[in-house]
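Below you'll find the structure, written out as structure tokens, and then a few comments.
The values are calculated or read from the model by the stated rules, or taken from the named source; none is laboratory data. This one's a predicted model, so the numbers in the text were calculated from it and none came from an experiment. Cβ: placed from backbone, ideal geometry, glycine included. Neighbour counts: every protein chain shown.
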Amino acid sequence: MSTPIEVWGGVECTINRVGERFYDQLARCGHYDRLDADLDALAALGIRTLRYPVLWERVAPDGLERADWSIADAVLDGLKQRNIEPIVGLVHHGSGPASTHLLDDGFASGLAAFARAVAERYPWVRLYTPVNEPLTTARFAALYGHWYPHRADDEAFVAALINECKATALAMSAIRTVQPDAALVQTEDAGSTRSTAALAAQAEFENARRWVSIDLLTGRVTREHALWGYLASVSQPRDLDWFADHPTPPAILGLNYYVTSDRYLDERLHRYPAMTHGGNARVRYADIEAARVDGIGIRGHAAVLEEAWQRYRIPLAVTEAHLGCTREEQMRWLLAAWDGASLAHRRGADVRAITAWALLGSWDWDSLVTDPAGHYESGAFDVRAGAPRPTALASVVRDLAVGRRPDHPVLHAPGWWEAARPSSPFAAAPNLGSVAPILVIGATGTLGRAFIRECEQRRIQYVAVSRQQLDITDADAVRAYVARVRPWAIVNAAGHVRVDEAEQEIRACRKVNAVAPAILAAVCRKAGIRLITFSSDLVFDGGVTRPYVESDSVSPLNVYGRTKAEAERRVLALAPDALVVRTSAFFGPHDRHNFVTIALDAITGGGVFRAANDITVSPTYVPDLVTTALDLLIDGASGMWHLANDGAVTWSDFAQRAASLAHLDPTRIVGCASDALGLTAPRPRYSVLASAHGRLMCPLDDSLARYFHDRARLGTAA
């Protein structure tokens, strides 16, 4: 594939201020403690340009005379050694050190002084972004009040924006006294606004406002500008005129385009959730992601780039391409950026690159980094285990970096955002008949049905088969079926799940739980097919008082646990690339046979429910398990993984929590010794699961809340 489009990389590096607290993304992900490992991982992607921060707040929080350059020295030297050119950012959604802020008269001159110090220390650096997304930062900090200085008025917004743009111009001037060839790579969000006819004027205003930062830097804000009246009404005309006298056009205009960037305004509030409701001084309206509005949809990367090219005739790059979603959607979004940039280039726009953003992941952007709740979105790497683990997105970056189109089977379906676009070639369901599927075995069980739902929702081609349709204990039958279906992966969701009955059905349990997975492993290894199979917390004996991790020795107490332990050994011996997932204590919204639903059903009519108060487990919400497991399967993860929601409870505590959330009387849950429940199979008294791979599953309380939300949505509330 011949194309001039380069693939750059970037790490989510925001340091923003909320009140008196600064949030540092790279500190959150542990980057500062593993610089060499991270740089090696980034270099292995094949990228030759990297957006990287030397942020004012981090380097010189107490002034230049006390600046700490150690991390910047190590990283920039490391990038030079690895033949990667940095695009150095100086402020990224921040407002400078605590001594200044976006409305401070000293902000612009202070950043210029810091910029000169950076250039003097690293005179070989050529590319700079002094202020990332000045318009977006001014909106969030001074128009919406999310970030410091927490203002929410037009006067503060315009003042902050002017200050940021002036700081950019002064910073580049200061840098060029040291490095005359230094180039400005100016980034900005590339979203647009559409609306109903009644809100056309508001949409027109927002579409003009979104370009103001670039218009200021290029000297376009004169008295003929569409927003001169608005800007001059809340600022001094001399502040606007300054930019016409000091134009600082970017060498490259960087467009940060997200699936949420395009918006739609609608005065019909009843159609949309209350959280989308807002308005101006005259009318109330909903502000919705255009991607979620049927018949509207996003414009797409090509349209965004072509519009910017027609307006400015400045070389362009997509400087952030990232999607916080399931793995295949992340892959599809990056490929969409590549395709859109390539199309815009073929049509005449000078597009230089796309940037795989948030390569090390990002934290708490679901709250606009205002609440450190620990919500993590992985990127090309997942760092929750303390080291960068490549995800399937990394392989897409590597392919595109050498001009090769990736060809994973999950990429043959459109992204979820395509459905709403009326002109999209993907508006109708694509024909995926020739695409290699996932083979789901155990189609009628709880886990198998959950995988089917997940594949359908994520538009992943699958073939599902029940144990009645395919005897997975018959090696010849398995080989023949796999040869016919030709899957790229197999999900073994089948098993003998009745723990107590297994004590009397030893042979039948072993045949399904141990022999069949070994057969599947052997077939998969020979055919080059990925395999995921499931094990249990019951492989442990409960002899510890801290959560079990993958490397802990197994010592099952019952027949079921012994068959699962045997399966683990045989599968990983036969197919070392197989993925074996230990999990425990299922509950979910789609069946009435799980512990939570049974307990709530029992007490809904005024009865009581007895549950063990001497067995501690880590319950697992089935939708979370399947989402995470499917991501890992797409990633090509292998070996042993523990997947359970983060939390440890006794069975009785678990039922009481559920009862309280259901607004039922938790005292009707009666805790008792497990021996009093008439259980045939012995259980470990403690079988909580944790993972050396990091916390991939959300907290138990969060999953319980979603259990009730999902049941209500499905119309099956307990």
*For the range 696-718, what are the residues that are modelled with pLDDT of 85 or more and outside any helix (DSSP H, G or I)?*
LEU696, MET697, CYS698, PRO699
_Residue pairs, Cβ under 8 Å, 6 or more apart or interchain, first in the range 528-554 and closer than 18 Å to TRP641 by Cβ, second among the acidic types (Asp, Glu) and not in a loop (DSSP other than H, G, I, E, B). List them._
SER535/GLU568; VAL539/GLU568; TYR548/ASP537; VAL554/GLU568
*Of ALA692, ALA681, ALA629, which residue is touching a strand residue (DSSP E or B) at 6+ places or on another chain (Cβ under 9 Å), closer than 27 Å to ASP552 by Cβ and not in a helix (DSSP H, G or I)?*
ALA692
_Contacts under 6 angstrom Cβ, first residue in the range 365-386 being outside any loop (DSSP other than H, G, I, E, B), partner crowded, with 23+ Cβ neighbours inside 10 Å and small (Gly, Ala, Ser), 6 or more apart_ = TYR376/GLY361; GLU377/GLY361; GLU377/SER362
_Just to be sure before I move on: is ARG610 surrounded by fewer than 22 Cβ atoms within 10 Å (Cβ to Cβ) and under 30 Å from VAL491 (Cα atoms) in the structure I sent?_
no
_Condition (residue is within 28 Å of CYS455 (Cα to Cα), outside any helix (DSSP H, G or I) and in contact (Cβ under 8 Å) with a residue 24 or more places away in the chain) applied to the range 326-339: is it met by at least one residue?_
yes
*Among the candidates GLY254, GLY278, which residue alone is surrounded by 22 or more Cβ atoms within 10 Å (Cβ to Cβ) and either assigned to a loop (DSSP other than H, G, I, E, B) or not hydroxyl-bearing (Ser, Thr, Tyr) (or both)?*
GLY254
_Every residue in the range 10-32 that is assigned to a loop (DSSP other than H, G, I, E, B) and within 12 Å of LEU368 (Cα to Cα), please._
THR14
_For the condition touching a strand residue (DSSP E or B) at 6+ places or on another chain (Cβ under 6 Å), among the β-branched types (Val, Ile, Thr) and assigned by TED's automatic domain parsing to the domain that holds GLY254, what is the one hit in VAL158, VAL118, VAL125?_
VAL125
*asked:* Restricting to the range 71-90, and then to whatever is in a strand (DSSP E or B) and among the aliphatic types (A, V, I, L, M), can you tell me which residue is farthest from GLY10 (Cα to Cα)?
replied: LEU90
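Table: residues versus (1) modelled with pLDDT under 95; (2) in contact with an Asp or Glu (Cβ under 8 Å, 6 or more places away or on another chain); (3) of a type outside the set (Ser, Thr, Tyr).
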| residue | (1), (2), (3) |
| --- | --- |
| ILE441 | no, no, yes |
| GLY445 | yes, no, yes |
| SER466 | yes, no, no |
| GLN469 | yes, no, yes |
| GLY495 | yes, no, yes |
| VAL499 | yes, no, yes |
| GLN504 | yes, no, yes |
| ARG507 | yes, no, yes |
*Selection status of ASP474, assigned by TED's automatic domain parsing to the domain that holds TYR621, farther than 20 Å from LEU574 by Cα and either within 37 Å of the chain's Cα centre (by Cα) or not hydroxyl-bearing (Ser, Thr, Tyr) (or both)*: no
*Considering the range 634-663 alone, what residues qualify as being surrounded by fewer than 24 Cβ atoms within 10 Å (Cβ to Cβ), part of a helix (DSSP H, G or I) and hydrophobic (A, V, I, L, M, F, W, C)?*
ALA659, LEU661
_Conditions (1) in contact with a strand residue (DSSP E or B) (Cβ under 6 Å, 6 or more places away or on another chain); (2) hydrophobic (A, V, I, L, M, F, W, C); (3) surrounded by fewer than 18 Cβ atoms within 10 Å (Cβ to Cβ): number failed by LEU439_ = (3)
_Within the range 235-249, does at least one residue satisfy the condition of being crowded, with 22+ Cβ neighbours inside 10 Å and either under 37 Å from the mean Cα position of the chain (by Cα) or not assigned by TED's automatic domain parsing to the domain that holds VAL304 (or both)?_
no
